[in-house]
1. For the range 21-47, name all the residues that are out of contact with any helix residue (DSSP H, G or I) (no Cβ under 7 Å at 6 or more places or on another chain), modelled with pLDDT under 90 and in a loop (DSSP other than H, G, I, E, B).
2. Among the residues of the range 95-115, are any in a loop (DSSP other than H, G, I, E, B) and modelled with pLDDT under 95?
3. Please identify the pairs in which a residue from the range 180-203 that is under 16 Å from Ala131 (Cβ atoms) and crowded, with 18+ Cβ neighbours inside 10 Å has its Cβ atom under 7 Å from the Cβ atom of a residue that is at pLDDT 95 or above and of a type in the set (Lys, Arg), counting only partners at least 6 apart or on another chain.
4. So, in the range 157-169, of the ones that are under 12 Å from His121 (Cβ atoms) and in contact (Cβ under 8 Å) with a residue 60 or more places away in the chain, which residue ends up surrounded by the fewest Cβ atoms within 10 Å (Cβ to Cβ)?
5. If you scan the range 161-200, which residues turn out to be touching a His at 6+ places or on another chain (Cβ under 6 Å) and among the small types (Gly, Ala, Ser)?
6. In the range 115-142, which residues are closer than 24 Å to Lys29 by Cβ and in contact with a Gly (Cβ under 8 Å, 6 or more places away or on another chain)?
7. Scan the range 116-151 for residues that are assigned to a loop (DSSP other than H, G, I, E, B), in contact with a Pro (Cβ under 6 Å, 6 or more places away or on another chain) and over 20 Å from Leu196 (Cα atoms) and jot them down.
8. Can you tell which of Met117, Met150 is more than 14 Å from Lys207 (Cβ to Cβ) and surrounded by fewer than 20 Cβ atoms within 10 Å (Cβ to Cβ)?
Amino acid sequence: MKDYKALSRATFDKQAAIYDVTQTLTVSKLPVRAYPFIMEELRKVAPASLLDVGCGTGTVIALLAKEFPEMKLTGLDLSPLMLEQAKAKHIPNATFLEADSERLPFPDGAFACVTCMHTFHHFPHPEACMAEMCRVLAPGGTFLLCDGTMVPPLRWIYNHLLLPHWPTGDFHVYDRAEMTVLCRNAGLKDLEWRKLAGVTYLCKGVKEPAPGLRS
């Protein structure tokens with residue numbers, strides 16, 4: 001089996017210096033298309049704290065810092081060179097950490113919002129990552145995930161015939177049904193799914209309150 005994490009780290013380390021300036025489909029064009037939609041959703045809830053899993057060069061966090069100067073922002077990534085680019089921006093009220101999405105170094109319920117932008121398809125253990133993101137999300141907190149998908153025949157070919165043999169860290173491209181199951185099993189409710197620009201989609205959910213807090 002491929003070492004997906006090592007391949008992802010190597011890929012993004014290689015792209016780090018050009019990620020913000022080279023708007024290509026294979027580097028950063030798809031995430032950029034999703035930023036306005038993420039900002040729109042965050043304006044609705046204006047969370048006090050936010051964790052961006054797979055933050056890359058910190059572009060979303062920089063946008064948030066300008067619009068919500070009081071928001072406590074945390075970015076986490078597996079690529080040290082992407083994080084160097086993020087830290088070099090000196091974003092106010094933002095912290096950046098190198099860590100594994102399967103073992104988030106935060107206590108339960110630490111964040112009012114968790115985002116994951118065009119990163120989830122790299123995670124080789126999606127159930128573990130989704131469970132961790134939900135664990136550190138506060139009860140009633142908002143979860144936002146953007147990623148790319150494909151029409152069914154092409155998606156099957158890509159997932160089963162191409163990805164296992166490509167020297168990349170891409171693990172799996174999800175459809176609505178698969179993502180819905182992952183979110184519900186992790187404890188998210190009020191799920192919404194909508195297509196954005198091109199092949200990009202937005203998945204939104206709210207963390208279930210603890211059993212003793214339910215009305």
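The values are calculated or read from the model by the stated rules, or taken from the named source; none is laboratory data. These numbers come from a predicted model, not from an experiment. Please note: Cβ atoms are built from the backbone with ideal geometry, for glycine as well, and neighbour counts cover all protein chains shown.
1. Correct list: Val21, Thr22, Thr24, Leu25, Thr26, Ser28.
2. Restricting attention to the range 95-115, the residues satisfying the condition of being in a loop (DSSP other than H, G, I, E, B) are 99-110.
Keeping just the survivors that are modelled with pLDDT under 95 gives none.
No, the conditions are met nowhere in the range 95-115.
3. Gly187/Lys207; Leu188/Lys207
4. Across the range 157-169, the extreme among qualifying residues is Thr168.
5. Within the range 161-200, Gly169 is the sole residue that qualifies.
6. Selection gives Cys116, Met117, His118, Thr119, Phe120, His121, His122.
7. Across the range 116-151, there are no qualifying residues.
8. After ruling out the rest, the residue left standing is Met150.
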